[in-house]
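Read the figures in this text as sums done on the coordinates, not as results from a lab. A quick note: this is a predicted structure, and the numbers were derived from the prediction, not measured. Here the Cβ positions follow ideal geometry from the backbone for every residue, glycine too, while neighbour counts run over all protein chains shown.
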Amino acid sequence: MVYADTSMDLRSCFKFYKTLKYSSDVQTSIDQFICSSFHNSAVTSAKNVCAFQNAQACEIFSLFEEGFFLVRHALPEDVLQRLWLTALTDWPSITSKCSNLNAAAGSLVAHDSSEFVWDQTLMEKLRWITFGYHYQWDDRCYRESKRGVFPALLAHVSTQVANLLSEELTHGSLAKLDLAAEYAEACDRFVPEASIVNYYRGKTTMGFHTDEVEFDKKAPLVSISLGSAGIFLLETDQPVISSPPFPHIDHLPDMTRIVPLILRHGDVTVMLGKSRLARHAVPAVLVSETLTDTVFVSALKRTARLACTHRTHQESVAQDLLEIDDCILCRPLIDYMRTTRINMNVRQVVPSSCQFSDFVSTADT
């Protein structure tokens, strides 16, 4: 991840969306903009092309010439539960990852048949975890010697998303568009090799940046959102709309090239083509708004059931009778889930036909 020098316009834009009050009307206007300005493709049965047993119909919204795709409802509930739970209870403590809490990460979570221990103090400080080729934050690069195990679940899910998009680009309504074959080929060759999992807490943000240190810049960048909703800003190559219906800054000429999206629990973005190297940002996490989403709260309770070993809790959730704070054993976990956005972005580092050493000298590996 490279933090590019940003213009004053982009900084002003970021600040605007960071401080904007996201009322229901504002959120509705942003969602309506997506529906009216993006190409919408409905996939009637995702399970025909994905190895997900419970996959249902999904929608693919795209800024096609930019190569940007927003996929909704592609991941079935059981897959989302496993990803969410793994990101909260397994990944923070496994040895094959790197994180900003490496020294203390081993004691973050403990659970057995009678006890569930959640170190809320440490988890509040967790901001990122890396897998596979570990991104070197100081040097802004990857090193072959700094490579760990890539989680099988995350590799499987991200690959299936790429397969789904490839199928739609090859045989669906997107197939007739220019660049469809090029995008489909990139998805077909996709090999998950590196991931940064970001944990957004409260007012945590991420400024405009571009992901450009991977050697393979044609392979898709797949991002999965879990938990609280977040605002995602994408800088496009061409103006998307001359007069945005959502709140914006009139005097900034680049505002017509900044696209805001609300990414909710289960949403997946795929960045190809021009958008693969586009600047993007996360200026806000919508914690309070997410808590009014009955679908999200229901998913939260069912996922918490998988983590908590307390029998009464499990039976209550199974009957959908559990109030959100009923179980004292996993209350810290539930509170954290309610107020955290997790983003899993997956990328390919080395082109499929190449070796890492083709791009760097032995001394730099």
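Rounded to the nearest 0.05, what FRET efficiency do Lys176 and Asp237 have when you use their Cβ-Cβ distance and R0 = 25 Å?
Computed FRET efficiency for Lys176 and Asp237: 0.70.
Just to be sure I understand the model, the point goes 7 Å from the Cα along the line to the Cβ. What's the resulting Ser352 to Ala42 distance in nm?
Between Ser352 and Ala42, the label points sit 3.2 nm apart.
Is the shape of the range 120-167 best called rounded, prolate or oblate, per the rule: a/c under 1.5 gives rounded, else a/b larger than b/c gives prolate, else oblate, with a ≥ b ≥ c the square roots of the Cα gyration tensor eigenvalues?
oblate
If you wrap a convex hull around the alpha carbons of the range 168-221, what volume per residue comes out, as a whole number of Å³?
Each residue corresponds to 139 Å³ of Cα convex hull volume.
For the residue pair Glu59 and Gln32, what label-to-label distance in nm results when each label sits 7 Å from Cα along the Cα-to-beta-carbon direction?
Spacing of the two 7 Å Cα→Cβ label points: 1.4 nm.
Taking other Cβ within 10 Å of each residue's Cβ, how do Lys203, Lys97 sort, fewest first?
By the 10 Å Cβ count, ascending: Lys203, Lys97.
To make sure I understand, if each residue's beta carbon is the centre and we count other beta carbons within 10 Å, what order do Thr236, Thr294 fall in, fewest to most?
In order of increasing Cβ crowding within 10 Å: Thr294, Thr236.
Please sort 20-31, 155-166, 83-94, 139-150 by packing, taking for each peptide the average over its residues of neighbouring beta carbons within 10 angstrom, highest first.
Answer by packing, highest mean first, reads 155-166, 83-94, 139-150, 20-31.
Subtracting the Cα-Cα distance from 0.36 nm times the residue separation, let me have the gained length for Arg82 to Leu306 in nm, one decimal.
Roughly 79.8 nm would be gained on extension.
Run the simple label-point estimate for Glu124 and Arg11 please: 7 Å along Cα→C-beta, distance reported in nm.
3.1 nm
With +1 assigned to the C-beta of every Lys and Arg and -1 to the C-beta of every Asp and Glu, and no other charges, what is the dipole magnitude of the range 197-239 about the Cα centre in debye, to the nearest 20?
So the magnitude is around 300 debye.
Determine the alpha carbon to alpha carbon distance for each of Lys203/Lys301; Lys15/Lys146; Lys21/Lys97; Lys125/Lys274 and list only those over 29 Å.
The answer is Lys15/Lys146; Lys21/Lys97; Lys125/Lys274.
I'd like the FRET efficiency for Thr294 and Ser24, computed as 1/(1 + (r/R0)^6) with the beta carbon distance as r and R0 of 22 Å, rounded to 0.05.
In this case the efficiency is close to 0.95.
Where does each of Arg347, Arg302 land when they are ranked from fewest to most other beta-carbon atoms within 10 angstrom?
Fewest-to-most ranking of Arg347, Arg302: Arg302, Arg347.
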